[in-house]
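Everything on this sheet refers to the single structure shown next.
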2 protein chains.
Amino acid sequence: MTRKEIYHRILQKQSYLCIGLDSDIERIPRHLLSEQDPILAFNKAIIDATKDLCVAYKPNIAFYESLGARGWQTLEKTLEYIPDTHFTIADAKRGDIGNTSRRYASAFFEQMDFDSITIAPYMGEDSVSPFLSFENKWVILLALTSNPGSSNFQKQHLQGHQELYQLVLTEAQKWASPEQLMFVVGATHPEHFAIIRELAPDNFYLVPGVGAQGGDLEAISRYGFNDQVGLLVNSSRGIIYAGTGEDFAEEARKAASHLQLQMAKLLEERFGQ
Amino acid sequence: MTRKEIYHRILQKQSYLCIGLDSDIERIPRHLLSEQDPILAFNKAIIDATKDLCVAYKPNIAFYESLGARGWQTLEKTLEYIPDTHFTIADAKRGDIGNTSRRYASAFFEQMDFDSITIAPYMGEDSVSPFLSFENKWVILLALTSNPGSSNFQKQHLQGHQELYQLVLTEAQKWASPEQLMFVVGATHPEHFAIIRELAPDNFYLVPGVGAQGGDLEAISRYGFNDQVGLLVNSSRGIIYAGTGEDFAEEARKAASHLQLQMAKLLEERFGQ
């Protein structure tokens, strides 16, 4: 999916919402546990109930890996179930030396057919470049994450006063164009969005941390928008666990709809259609 | 396995060799492809041929993930086949926000029973701490990796002149004792080992990059040893692909033996038994 296509789908749906399928066997509604594949049943119901409200789905791989080989099958089937119209993100935060990163790329781009994968930048260019050799596939590089630990290293000042995550933003743009490279920027840092948008004007950002982690949609949108919207805002727990009973999918839809309506308003203000 | 136990096994075997099971379906000997599970057959033969020469095995998870659910089963069976006497490392380079890292910890420490896992530090303390809540399990944190990209961020100078990887070494020691925390330090940086050993005197280092990547065993051992040896030196491709024919296990044994003999000599010089 190209950047332009993502942009057009956002305008069409009046939504830049990404829904995180962090589907945890210990948190899904109890009545699903009698299903042959409870997580798959949960994911399908969530997708059915929300697909008109979002433009992307992001399974976090940890929740599938923790179920072993069976979880991997659930992930494959979930990906097949997501409509082709939606951008898919393997939230895997991988990254290894070149010959190994090629294998991770093969896992997520060939063995499965994700549109994109999240990558940790610590190991540098040759750990990222193998993912960039796939046409129409995206790298979403961690820049400034939404968790408290982002202050340990990402916000360290380098000589020359720049913070580490800012170097990640500028350095990585030498490796790939905005047609293949997005950045993860946590919604818990709205005060940083203006400078981040200056450093990476054309890239899309994947923004986790709205909802359960407390990020402010309005602030990050106002500072984070670029001419092609440039934002995919993710909510996981706030949507998929909005309900805990038999009406969980309906409750998830309400939570997603609540965000989508705010997004429509913010898009209207900026892109006025 | 405790630090003391690792130390004693090293002295007993006169080896601090870790063998990397980066077992690639495209590189294993062709005659194995008729086996029901070629990678498992390969791993078993390598383990049988080398287990008296090494103290640890390190499957790199990428090679198993790239085979999907089937690869995950191969990984589980490989782990079961490694003798209990050997330290096992899931080379996964994971790291995510707290509730997600707990799932990765569950995947590798509960669903499977690895002794340790490699973790990327970029997301900071709360991405690492969930792995530390498991007794007798180790975190092996990336500090200075062996690949060219280590210069992009890891070697950046921070304000106060320290390099980023040095801050990782000192900061992470606030999170865990040397009984639970090792560091990855690539063999391709022997000139850094003296200062690294000063910054993290008691921790074990997992040292990749000897062999295929060109690291120098003698230099890193002289500068990297501490009183409890403190080094696990990994070789992957240099051992497991030493041969390509039917005698591949024998050739792997020769390559492992070559390293083990050098290690015995270096241990003798330093610990003189």
Label-point separation (nm) for B:TYR223 and A:ARG222, each offset 7 Å from Cα along Cα-to-Cβ? 5.2 nm
For peptide B:64-76, how many partner chain Cβ atoms fall within 10 Å of a residue's Cβ, on average? 6
Taking amide H atoms as placed 1.01 Å from N in the peptide plane, list the residues 5 or more away in sequence, or in a different chain, whose amide H sits under 5 Å from that of A:ILE140. A:ILE117, A:THR118, A:ILE119, A:MET182
Enumerate the lysines that B:LYS93 could reach by cross-link, defined here as Cα to Cα under 18 Å, with residues fewer than 8 away along the same chain left out. A:LYS93, B:LYS58, B:LYS137
Plugging the Cβ-Cβ distance of A:GLU179 and B:LEU261 into 1/(1 + (r/R0)^6) at R0 = 60 Å yields, to the nearest 0.05, a FRET efficiency of 0.70
Taking every residue in A:151-164, how many Cβ atoms of other protein chains lie within 10 Å of its Cβ, on average? 5
With n ≥ 4 as the cut-off for DSSP H runs, can you work out [θ] at 222 nm for chain B, using -39500 (n - 2.57) per run divided by the number of residues, rounded to the nearest 500? -12000 deg cm²/dmol
Here the correct list, in nm and shortest first, of distances from A:HIS31 to the same site in the other copies, label points 7 Å along Cα→Cβ, is 5.9
Mind checking B:24-34 for the average number of partner chain beta-carbons within 10 Å of each residue's beta-carbon? 1
Going by how many other Cβ atoms sit within 10 Å of their own, how do B:THR85, B:THR145 line up, fewest first? B:THR85, B:THR145
At 7 angstrom along the Cα-to-beta-carbon line, where would the label on A:LEU158 sit relative to the other copies? Give the distances in nm, shortest first. 1.4
Farthest toward positive dipole pole in the stretch A:142-207 [+1 Lys/Arg, -1 Asp/Glu at C-beta], among A:LEU169, A:LEU158, A:PHE183: A:LEU158
Return the Cα extents of the protein assembly as shown along principal axes one, two and three, sorted largest first, each rounded to a whole Å. 78, 55, 39
Taking a ≥ b ≥ c as the square roots of the eigenvalues of the Cα gyration tensor, with a/c under 1.5 meaning rounded and otherwise prolate when a/b exceeds b/c and oblate if not, the stretch A:151-235 is oblate
Once you list every other residue whose beta carbon is under 13 Å from the beta carbon of A:PHE109, what net charge do they have if Lys and Arg are +1 and Asp and Glu are -1? -1
If the only charges are +1 at each Lys and Arg Cβ and -1 at each Asp and Glu Cβ, what is the size of the charge dipole of chain A around the Cα centre, to the nearest 20 debye? 180 debye
For a quick size check, give me the Cα extents of the stretch B:81-121 along its three principal axes, largest first, whole Å. 33, 19, 10
Rounded, prolate or oblate: which one fits chain A, using the alpha carbon gyration tensor with axes a ≥ b ≥ c (rounded when a/c is under 1.5, else prolate when a/b beats b/c, else oblate)? oblate
Along each of its three principal axes, how wide is the spread of alpha-carbon positions in the stretch A:106-172, in whole angstrom units, largest first? 41, 23, 16
With +1 on the Cβ of every Lys and Arg and -1 on the Cβ of every Asp and Glu, and nothing else charged, how large is the dipole of the stretch A:10-86 about its Cα centre, in debye rounded to the nearest 20? 140 debye
Position B:THR2, label points 7 Å along Cα→Cβ, spacing to each other copy in nm (shortest first, one decimal): 6.4
Would you mind calculating the gained length between A:ASP84 and A:GLN12 on full extension (0.36 nm times residue separation, minus the Cα-Cα distance), in nm to one decimal? 24.4 nm
So what's the stretch B:16-85 giving for Rg/Rh, alpha carbon basis, Kirkwood Rh from the mean inverse pair distance? 0.94
State the antiparallel share, in %, of DSSP beta bridges confined to the protein assembly as shown, rounding to the nearest 5. 10 percent
Report the gain in length on full extension from A:SER34 to A:GLU268: 0.36 nm times residue separation, minus Cα-Cα distance, nm rounded to one decimal. 79.8 nm
Just the number, please: percent antiparallel of the DSSP beta bridges in the stretch A:3-271, rounded to the nearest 5. 5 percent
Work out from phi, with θ = phi - 60° and the Karplus expression 6.51 cos²θ - 1.76 cosθ + 1.60, the ³J(HN,Hα) of each residue of the stretch A:69-78, listed in order in whole Hz, and give x for Gly and Pro. 4, 4, x, 5, 5, 4, 4, 4, 6, 4
Which value, in debye to the nearest 20, gives the size of the charge dipole of the protein assembly as shown about its Cα centre, when Lys and Arg are +1 and Asp and Glu are -1 at the Cβ? 340 debye
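Every number here is computed from the coordinates shown, using simple stated rules; none is lab data. Quantities reported herein were computed from a predicted structural model and do not represent experimental measurements. Here the Cβ is made from the backbone with ideal geometry for all residues, glycine too, and neighbour counts use every protein chain on show.
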